[in-house]
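These notes concern the structure reproduced below.
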Amino acid sequence: MNADAAAGRPAPGIAADLLAGLAIAGLLLPEAVAYAGIAGLPPQAGVMALFAGLVCYGAFGRSRYAIVSATSSSAAVLAAGTLALEGGDPASRAAIVAGLVVLTGLCFLLAGALRLGGLSHLIARPVLRGYTFGLACVIALKQLPTLLGVPALHGDFVPALLVDLLGDIGGTRPAALGIGAIALLLLFLCERWRRLPGSLLAIALGIAGSDWLARYGVALVGAMRLAPQWAWPSWPSSGQWLPSVELAAALVLILYAESYGSIRNFALKHGDAVNLNRDLAVFGVANVVAGLLHGMPVGAGYSATSANEAAGARSRLAGLVAAGGVLLMVLFLLPWIERIPMPVLAAIVIHAVSKSLRLSAFSPYLRWHRDRLVALAAVLAVLSLGILNGLLFAIAFSLIMLLRRLATPRLSVLGRLDGGHDFVDLAAHAQAREVPGVLIVRPEEPLFFANAEAVFAQVRHRVADRSDLREVVLSLEESPDLDGTVLESLGDFVAWLDARSIALRVARLKDHARTALERMALPQLPPQALEYWSVEDAVLAATPAAKETT
């Protein structure tokens, strides 16, 4: 037993978790209410989601630092995606949203059962950064009416939103703009002094002046009904199943991509293990519970997770303590929470997403000359097509660009470097020399059905340019496996070479590719023509003339 336990004091790790949990509880509650506003739901939807996420992940999750709650990105997608699904009254929409959140949880559980832990890898990082930037623009823009005290904006087509905002800007309420601007200034100033809780200070200032602000037409949060709603969520009608499943799948991708990024970053920082499939299952449970409580979809947002780590959390106990802290605040401070001015919550949201509005996030892609078009397309897609359609377009665009690159054949002709054992691209190394009587080629992309014919057409062209050829060495180090189209194309190429009395040797085969060629059993390509672990081995075995060059 250590000295702390013997003296009746909590262990240092437990004490750190207690302090961290209580510290972030004050941040999570106002953010939950604000994100409910983004989704167009009553404040209690964000609070119920917060309880479900904190308790479920704290009890069953893997990451020591992840804080699972409603996120700004999922709230915005939920608001945009449910426009076509919602009913004619708020109660009907709440039931439909609850059913959608349960469906999102079931998709998470299915992905976990199928061990699809790499699901988030469908969203490339440039896509995620571009999407996050565009999403932050949309969220900040849609919070401006609340900050100005003018009617809310609907939809997510940015040009239309800007036109509507400019049309309403004449009705700005000075009191709303004043308290919102002061809250924003306070939040940004508190970034310099991290020990000062900017959100709590801004909220306290707003509550202190709420009576005066209300007299000047500033909207307050208003009454919150936090009793759990055990009414069964509304399932989609027959004509709404397909869009509902599509929206649930999009929410799964967004939530897990954001959650995986948060969890992975802090796991790498602290040397922790990551269990992707377990987290999928836990997110599924948390979202099902949130849906049954008529809450919002939940995931491990980066801002809340980083705040938890910065507060000194040591384990998942901090999340459970935060849930207890939020519960105490709801039980004893609810009348004060209901008096929070809405412009203050808008300022909290704008401050939260402002971290995603930094152009420096794109500087690596500009410096590396990689994926610039993909990142730009993601930003423009979100701003022009909307949040959900923009994300789906950006994912599809990144996959199309990948297929385009893979389908564009690049073939290197290799030569011996400085008479040694290395074989390099003749076009890139002037000191490399061809091996007499031998053509050595290497496809620079994995061979698959979209590029096989074009690659072998280029090899035929190279063969036709050499009148002294007796052997062709094909290095397949970039191809882990060979599909049916590649095998057929290779068979045609071997037959074409055989008709010209030219032999083929294949070097650097991966195991799966070698097995496929052995099963193909081409008479012109016997097993001994596949057993070359290096290009040099194949060249030395090719002809006596090639051996003499060594």
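In region 233-272, the residue that is surrounded by the most Cβ atoms within 10 Å (Cβ to Cβ) out of those that are small (Gly, Ala, Ser) and outside any helix (DSSP H, G or I) is Ser234.
The residue pairs whose first member lies in region 366-387 and is assigned by TED's automatic domain parsing to the domain that holds Ile123, whose second member is outside any helix (DSSP H, G or I), and whose beta carbons are closer than 6 Å, counting only pairs six or more residues apart or on different chains, are Gly386/Asp156; Ile387/Asp156. I'd like to know if region 340-355 contains one or more residues that are over 30 Å from Gly217 (Cβ atoms) and either part of a loop (DSSP other than H, G, I, E, B) or of a type in the set (S, T, N, Q) (or both). Yes - at least one qualifying residue is present in region 340-355. Scanning region 412-433 for residues being surrounded by fewer than 16 Cβ atoms within 10 Å (Cβ to Cβ) and assigned to a loop (DSSP other than H, G, I, E, B) gives a total of 10.
Scanning region 461-497 for residues that are in contact with a Gly (Cβ under 6 Å, 6 or more places away or on another chain) and under 20 Å from Glu531 (Cα atoms) gives a single hit, Arg470.
Give region 378-411 a look and list any residue that's in contact with an Asp or Glu (Cβ under 6 Å, 6 or more places away or on another chain) and surrounded by fewer than 20 Cβ atoms within 10 Å (Cβ to Cβ), or say none. The answer is Leu406, Arg410.
Within region 333-365, which residues are polar (S, T, N, Q), surrounded by fewer than 19 Cβ atoms within 10 Å (Cβ to Cβ) and either within 17 Å of Ile139 (Cβ to Cβ) or not assigned by TED's automatic domain parsing to the domain that holds Gly209 (or both)?
Result: Ser354, single match.
Counting only helices (runs of 4 or more DSSP H) that fall entirely inside region 1-98 and contain at least 1 residues that are modelled with pLDDT of 85 or more, the qualifying elements are 12-38, 43-60, 72-81.
For region 457-494, the set of residues classified as hydroxyl-bearing (Ser, Thr, Tyr) and outside any loop (DSSP other than H, G, I, E, B) consists of Ser475, Thr485, Ser489, listed by residue number. Among the residues of region 495-503, at least one is in contact with a Lys or Arg (Cβ under 7 Å, 6 or more places away or on another chain), farther than 25 Å from Leu399 by Cα and part of a helix (DSSP H, G or I).
This table checks each residue for (1) surrounded by fewer than 17 Cβ atoms within 10 Å (Cβ to Cβ); (2) closer than 22 Å to Arg462 by Cα.
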site: Val506; (1), (2): no, yes
site: Lys510; (1), (2): yes, no
site: Ala513; (1), (2): no, no
site: Ala516; (1), (2): no, no
site: Met520; (1), (2): yes, no
site: Pro523; (1), (2): yes, no
site: Pro527; (1), (2): yes, no
site: Leu530; (1), (2): no, yes
site: Asp537; (1), (2): yes, yes
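With respect to being free of Cβ contacts under 8 Å to residues at least 24 places away in the same chain and surrounded by fewer than 16 Cβ atoms within 10 Å (Cβ to Cβ), Gly118 falls outside the description.
The values are calculated or read from the model by the stated rules, or taken from the named source; none is laboratory data. Because the structure is a prediction, the values reported are computed rather than measured. Cβ sites come from the backbone with ideal geometry, for glycine too, and all protein chains shown count toward neighbours.
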